[in-house]
Amino acid sequence: MGSGGVGKTTIAAGLAALSAQRGSRTLAITVDPARRLADALGVAVGLDPGAVAGWPRLDASMLDAAAAWESIARTHADTATAARLLTNPYFRAVADRFPSGQAYAAGEEVLRHAHGGSYDHIVVDTPPADGGLTFLAAPRNIRTLIAGRALRLLTGPRLPGRRLIYSMTARPALMIADSVLGGRLLEDVAEFLLDLSTIYPGVARRSREVERLFSAATIVAVATPDPGPIAEARRLITDRIGTTDSPQIMVFNRVLPPEWASAPRAADPIGANLQRWAAEASRHDALRRAFAANTGVNPLTIPWLPEAPGTPQGLADLMAAAGLEPLS
Amino acid sequence: MRAVLNRRLLLVTGKGGTGKSAVAASLAVAAGRRGLRVLALAMDHGAGLARHLRATTLGPAPQRCGDVHVAVVDPVAALDEYLRMRVRVPRLAAVSRVFAAVVETVPGVRDTTMIGKVVFESTRPRWDLVVADAPPTGQVSSFLEAPATIAGLVPGGAVRDQAAWMRSVLADPQHTGLVVVATPEELPVTEAKSFMAGVTASRTAAVAASVANKVLPAPDFDGSALAGTTDSSGRQAGALHLALIERQQGHLMDLKADRTIPFLFGMRTAGETTERIADLWGTV
């Protein structure tokens with residue numbers, strides 16, 4: 001997990017390759033646009049787990065947001081309700097844009113594979129939103145969406161069949177709202193939420209299982225040595241301290257060798273160039289030390305390379321050199 | 001090319017990690033130094049923009065911070081403000097609660113409310129310039145297109161009229177400009193280019209400038225000088241620099257950026273970064 005552009009996908013792919021190399025049956029799942037994982041592992045990544053060529057214990061798959069919501073609807077609703085939901089314009093809008101839905105669907109997918117018994121380890125490459133916090137909060141957020149405030153405000157406590165009964169408190173508001181929005185928008189939304197609410201019992205049960213799975217997961221937070229990404233990663237790690245016994249792994253990616261900071265510099269263009277990079281290296285080292293002091297978690301570092309390795313083997317070697325051990 | 005700051009609204013976007021917030025903050029600071037009345041708006045939780053403007057915590061109400069004002073766009077607060085201005089009715093609390101619930105549920109409404117707030121602030125006489133630290137390129141299109149989306153869902157009424165007004169303000173190149181930030185790497189450049197091609201084709205908003213950020217300086221040594229040196233750290237740093245430059249050139253040619261911001265070595269704080277970049281805007 002981590003914010004955008006820090007090398008999350010590369011590190012997820014590398015961890016998966018290293019785990020497979022050490023003998024574990026491993027699945028890498030990306031919730032990010034799949035091309036990145038495909039590039040990193042050199043495979044075509046599809047919706048179903050596909051084998052990585054030359055790597056018998058390593059599979060990769062991606063998650064499609066809209067397809068994920070469809071599967072949630074089909075799994076948890078009866079056929080007629082599922083059909084109504086899937087043709088509702090709001091459903092499409094929610095599926096495309098509600099990040100927690102996508103993350104939750106990934107959670108259900110991970111749960112399915114975890115129970116399936118085909119894999120020893122599953123490595124999830126999370127979407128960058130909020131550095132991963134949205135992903136971890138998804139099981140709870142989806143329950144809130146489905147049985148949330150909107151539904152309670154727009155509808156009464158009892159739902160007699162498909163007939164929509166607005167609650168008394170919402171009624172005057174709705175009359176005004178209708179005049180502002182110019183029509184049946186709110187009513188349509190409420191109808192949609194009613195249909196959505198029928199999937200609540202199934203989702204509530206499964207989401208608690210996903211929550212348990214997430215709380216037992218090892219979080220690998222990734223940041224570049226920059227204040228923004230580090231702040232996101234720190235939030236991710238400190239939010240979890242005390243709520244889980246699982247290890248917290250912090251990875252700083254694109255880090256310069258700390259020894260550059262104090263290396264002697266020649267009085268020539270190469271020495272002058274080193275002086276600039278030494279300032280940068282010294283900044284990286286200061287950030288790493290500050291992170292360790294503030295969180296008690298000592299970051300592992302991956303060197304700044306002109307280009308990430310283009311093969312699973314190269315990625316696995318990079319992770320091993322950084323001291324990222326495959327998860328037990 | 002027309003000066004980037006010579007508009008009422010700048011929307012700064014780019015792939016995550018390209019320095020979007022730093023560029024947005026620096027544009028605001030540069031305009032503030034010129035004596036313009038500037039509002040910087042964050043369209044996320046605001047932590048990035050706050051850090052770059054040396055502000056503590058940001059709220060929906062504009063607060064002064066050096067030469068500029070800064071605030072976050074909170075969709076619920078923005079909707080409440082809209083309702084208070086447009087719908088003068090009793091029992092507003094109940095209306096707002098229902099609307100807030102709808103905002104949480106229907107993403108088109110949330111996006112429209114947020115971009116609507118940004119557009120509204122940019123038309124107020126209180127500000128000469130509004131700079132928005134907009135969502136990353138992957139998500140900003142849905143905000144720019146939200147007024148059209150909502151107009152498609154709503155049959156008529158005040159909201160539809162508002163949506164049409166927002167679309168015209170966003171599409172007016174005299175008023176609104178997009179600033180698209182990319183670092184000279186493959187994915188950021190690809191994303192920036194496809195985003196710019198998309199908005200140009202759909203005419204939702206005009207691009208004021210594409211910006212190449214964190215561009216490494218050309219080295220004044222070459223590979224053979226490196227081979228001859230006895231300084232091992234100097235050789236490693238030089239080799240990394242040359243390898244990065246080689247890749248950077250292709251991506252810069254591909255992007256053809258209107259503006260270039262150099263890589264700032266050893267910059268300790270986000271605030272310092274902002275001021276250094278603002279110095280650069282000062283010269284254009």
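Label chain B by shape, choosing from rounded, prolate and oblate, from the square roots a ≥ b ≥ c of the eigenvalues of the Cα gyration tensor; if a/c is under 1.5 it is rounded, and otherwise prolate applies when a/b is larger than b/c, oblate when it is not. Here chain B falls in the prolate category. Here A:Y104 sits with roughly 0 square angstrom of accessible surface, probe radius 1.4 Å. 3J(HN,Hα) couplings calculated from phi for the stretch A:15-21 with the Karplus curve 6.51 cos²θ - 1.76 cosθ + 1.60 (θ = phi - 60°) are, in sequence order, 4, 5, 5, 5, 5, 5, 4 Hz; Gly and Pro show x. Taking amide H positions as modeled 1.01 Å from N, with prolines and chain starts lacking one, the residues under 5 Å from A:L47 and 5 or more places away or on another chain are A:M62.
For the chain pair A and B, buried accessible area totals roughly 4800 Å², probe 1.4 Å, rounded to the nearest 100.
Averaged over the residues of peptide B:63-69, the number of Cβ atoms from other protein chains lying within 10 Å of each residue's Cβ is 0. Farthest toward the positive end of the dipole of the stretch A:196-292, out of A:Q275, A:L287, A:A217, is the Cα of A:A217, where the dipole comes from beta carbon charges about the Cα centre. Report, in degrees rounded to the nearest 10, the 0 to 90 angle that the Cα long axis of helix B:158-171 makes with the longest principal axis of chain B. With both axes taken from Cα atoms, the answer is about 30 degrees. Computed from phi, the 3J(HN,Hα) profile of the stretch B:204-212 under the Karplus parametrisation 6.51, -1.76, 1.60 (θ = phi - 60°) reads 6, 7, 8, 7, 7, 6, 9, 10, 8 Hz, with x in place of Gly and Pro.
Seen through its C-alpha gyration tensor, with square-root eigenvalues sorted a ≥ b ≥ c, the stretch B:17-67 comes out oblate because a/c lies at 1.5 or above while a/b is not bigger than b/c.
Across the cross-link table entries A:K8/B:K193; B:K193/B:K214; B:K20/B:K117, which are compared at the Cα atoms, there are no separations over 29 Å. The protection proxy used here, the mean number of other Cβ atoms lying within 10 Å of each residue, ranks peptides A:257-265, B:191-199 as follows, highest first: B:191-199, A:257-265. Distance from the Cα centroid of the stretch A:260-328 to that of the stretch B:45-70 is 32 Å (rounded to whole angstrom).
Hey, if you put +1 on the Cβ of every Lys and Arg and -1 on every Asp and Glu Cβ in the stretch B:1-83, which of B:T18, B:V4, B:A28 ends up farthest toward the positive end of that dipole? The residue sitting most towards the positive pole is B:V4. Each part reduced to its alpha carbon centroid, the stretch B:245-284 and the stretch A:1-31 end up 31 Å apart. Rounded to 0.05, the FRET efficiency of the A:R112 and A:R235 pair, given R0 = 35 Å and the Cβ-Cβ distance, is 0.75. Shape analysis of the stretch A:249-320 places it in the oblate category; the axes a ≥ b ≥ c from the Cα gyration tensor give an a/c of at least 1.5, with a/b not above b/c. Contact residues in the stretch B:24-54 by the 30 Å² criterion (accessible area, 1.4 Å probe, full protein complex versus chain alone): B:H45, B:R51.
Backbone amide hydrogens, once placed in the peptide plane, bring B:S210 within less than 5 Å of B:V180, B:D258, B:R259, excluding anything fewer than 5 places away on its chain.
Taking the average, over residues, of other Cβ atoms within 10 Å as the packing measure, peptides A:302-315, A:268-281 rank A:268-281, A:302-315 from highest down. Peptide B:10-23 has a mean of 3 when you count, residue by residue, the C-beta atoms of other protein chains within 10 Å of its C-beta. Rounded to the nearest 20 debye, the dipole size of the stretch A:194-328 about its Cα centre is 320 debye, using +1 on the Cβ of Lys and Arg and -1 on the Cβ of Asp and Glu. Using the Cβ-Cβ distance between A:A286 and A:D78 with R0 = 51 Å, the FRET efficiency computed as 1/(1 + (r/R0)^6) comes to roughly 0.30.
Residues considered: B:I261, B:I115, B:I245. Largest GNM mean-square fluctuation over chain B, using C-alpha springs under 10 Å, is found at B:I245. Could you name every residue in the stretch A:280-318 that has 10 Å² or more less accessible surface in the full protein assembly than in its own chain alone (probe 1.4 Å, ligands and nucleic acids excluded)? When all protein chains are present, A:E280, A:S282, A:R283, A:A286, A:W304, A:P306, A:E307 each give up 10 Å² or more of accessible surface. Measuring nothing but protein heavy atoms, the accessible surface of chain B at 1.4 Å probe radius is 54 percent carbon and sulfur.
Taken one residue at a time, the phi angles of the stretch A:277-284 give Karplus couplings (6.51, -1.76, 1.60, θ = phi - 60°) of 5, 5, 4, 5, 4, 5, 5, 4 Hz. Gly and Pro are set to x. With a Förster radius of 45 Å applied to the C-beta separation of B:S168 and A:T244, the computed FRET efficiency comes to 0.30.
The values are calculated or read from the model by the stated rules, or taken from the named source; none is laboratory data. From a predicted model like this one, the values you see are computed outputs, not experimental measurements. Backbone-built Cβ (ideal geometry, glycine too); neighbour counts: all protein chains shown. Note: areas computed on protein heavy atoms with side chains; ligands, DNA, RNA excluded. Shrake-Rupley method; radii C 1.70, N 1.55, O 1.52, S 1.80 Å.
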